[in-house]
Every structure is written in structure tokens, then in C-alpha cells.
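S.K.: My questions all concern the structure below.
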Amino acid sequence: MPSESCNVVVLLSGSGSNLQALIDSTRAAPGPARICAVIANRADAYGLQRAQAAGIPTAVLEHPGFEGREAFDAALAELIDGFSPDLVVLAGFMRILSAGFVRHYQGRLLNIHPSLLPKYKGLHTHRRALEAGDAEHGCSVHFVTEELDGGPLVVQAVLPVEPDDTVESLAQRVHHHEHQIYPLAVRWFAEGRLRLGAEGALLDAQPLPACGHLIRS
Ligand code: GAR
């Protein structure tokens, strides 16, 4: 870490409840993480309002006008790098990132996904867990690699699927757990405890299991 504080840039596309959880956590228990910017790929993302309410600088970069994914991602990286980030956090950023972008931020790019990865990469994770009759579901924080939703896992929250669960009730409970595990992972990173090693994620210099640190409820 170049300085005492850890500059965090958050990318989002929508509501930003995970951003809010990060803001609340850095306020409730101040640590080295400092959210220095929130960037959205949609001007109507509610997360921008959350950032503004917290006094965090915001920026919007929308893809129309760019010739392809690489051009957009290059402009996005330039924008992000203007904030000198130590960590880039994807918090509901609903775009597939190019290989060049992911490589540029290797080891300092985290994502949260609403399933117990490697299960249910992509969309509609709650519906797919219900349709499969899974007894457990949850969410995952992972380092981002070139494989979509596929990088080394850092932490997973595992929760039971109840017999009367609907997509909505399950989504709500998973979201609640996302708001616990993302601030935890960001705190670990900012404190210098979490790193991406050659073989996977390391916590306190020890390899994490393939499923990451498991939190069961
Ligand atoms: C979260 O459920 C997050 O896991 C999901 O988008 C939602 C954003 O919610 N991300 C993905 O599906 C990425 N593959 P939020 O805007 O309220 O934080």
C-alpha cells in the first residue's frame, strides 16, 4: 500500500446498496479505506445520489459514442486512474469488462456476485438456485480475473433456502448478507491483510480455501 490510506474507487450501475454498506462501514469503524470516487455507466444510477449525499465525488461514463468495449474500457480506466486507486470495487457494475481492463487492475479489483460461486455465474442467480432446489444459496466476493465471475474467492456468505422462499425473499436475504461481506473484504484489503497471490487469494499471508472464507448463518 503506497500510503496509510487506501483509495477506493467504486463502480456501479444501479441502486448502490452495496456502496451504501461500504460508506456506512467506513463511518462506523474508520479504517484505511477511503472511497475517493464513485463512477457509474448510467446517469440514472441511484448509487450516484448515495455518493453525493455522502460527499463523495462522482462521475458518469456512458457507452454510447464509444467504438466498442475496448475503447470504452480504456476511457473508463483513464477516469478511474485519475483518482489514484489502490482498490477498484465493482458494486453492481453490470458490464462485461475487457481482458485489458481486468489485467490493468489485477490484484486490486474486487467484485460481489449474488450466488455461491462457482455456481450460477451471470444473471438470475436467485431464480436458478430456487429452480435447482438448492438447500443453500448466498453471495461471494472475489478478485476479478478475465473469466466472468470466475476469479479467486475471498469470502462467501452461505444461507439456507427456506421452503417458502420466493425469488424476492431470497434476493432480499442475499442482499442483506452482501452488505456484511463486502465491507469485510474491503477492510481486509485496505488493512493490507488481503492479497492476490500467484495461486489465489491470501489472507494474512495464508492461502484462503477455494471457496474463500465461509460465513454461515
Ligand atoms: C448485487 O446483488 C450484486 O451482487 C449484483 O448486483 C447487485 C447490485 O446491488 N452484482 C452482480 O450480479 C454482478 N455479477 P446494489 O446496486 O444494490 O449494490
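Values in this text are rule-based calculations from the coordinates and carry no lab data. Being a predicted model, the structure only gives us computed values, none of them experimental. No Cβ is skipped: glycine too gets one built from the backbone with ideal geometry, and neighbour counts run over all protein chains shown.
S.K.: Considering Gln156, Gln106, Gln172, which residue is polar (S, T, N, Q) and away from the ligand (no atom under 16 Å from the Cβ)?
M.R.: One residue alone meets the criteria, Gln106.
S.K.: Go through segment 1-30 and count every residue that is outside any loop (DSSP other than H, G, I, E, B) and surrounded by 17 or more Cβ atoms within 10 Å (Cβ to Cβ).
M.R.: So the answer is 16.
S.K.: Also, quick follow-up: Test of understanding: among Leu12, Leu19, which residue is within 20 Å of His104 (Cβ to Cβ), in contact with a helix residue (DSSP H, G or I) (Cβ under 6 Å, 6 or more places away or on another chain) and touching a residue at least 12 places away in the same chain (Cβ under 8 Å)?
M.R.: Leu12
S.K.: Considering segment 29-81 alone, what residues qualify as being within 18 Å of Ala190 (Cβ to Cβ) and of a type in the set (Lys, Arg)?
M.R.: Listed by number, the list holds a single entry, Arg34.
S.K.: Next question, about the same structure. Tell me, yes or no, whether segment 59-71 has at least one residue that is within 16 Å of the ligand (Cβ to nearest atom), on the phi < 0 side of the Ramachandran plot and of a type outside the set (D, E, K, R).
M.R.: Yes - at least one qualifying residue is present in segment 59-71.
S.K.: Hey, another quick one. Go through segment 121-143 and give me each residue that's on the phi > 0 side of the Ramachandran plot and either near the ligand (Cβ under 10 Å from one of its atoms) or in contact (Cβ under 8 Å) with a residue 40 or more places away in the chain (or both).
M.R.: Gly122, His124
S.K.: Of all residues in segment 151-172, which are within 19 Å of Gly122 (Cα to Cα) and surrounded by 15 or more Cβ atoms within 10 Å (Cβ to Cβ)?
M.R.: Correct list: Gly151, Pro152, Leu153, Val154, Val155, Gln156, Ala157, Val158, Val167, Leu170, Ala171.
S.K.: Give me the residue from segment 109-120 that is under 24 Å from Asp164 (Cα atoms) and not aliphatic (A, V, I, L, M) and, out of that set, farthest from the ligand (Cβ to nearest atom).
M.R.: If we take residues in segment 109-120 being under 24 Å from Asp164 (Cα atoms) and not aliphatic (A, V, I, L, M), then Lys119 is farthest from the ligand (Cβ to nearest atom).
S.K.: Scan (1) touching a helix residue (DSSP H, G or I) at 6+ places or on another chain (Cβ under 9 Å); (2) within 15 Å of the ligand (Cβ to nearest atom); (3) of a type in the set (A, V, I, L, M, F, W, C); (4) closer than 17 Å to Ser25 by Cβ for the single condition Leu194 breaks and write down its number.
M.R.: Only one criterion is unmet by Leu194, namely (2).
S.K.: So, Phe72, is that one of a type in the set (Phe, Trp, Tyr), within 15 Å of Leu19 (Cβ to Cβ) and not in a strand (DSSP E or B) or not?
M.R.: no
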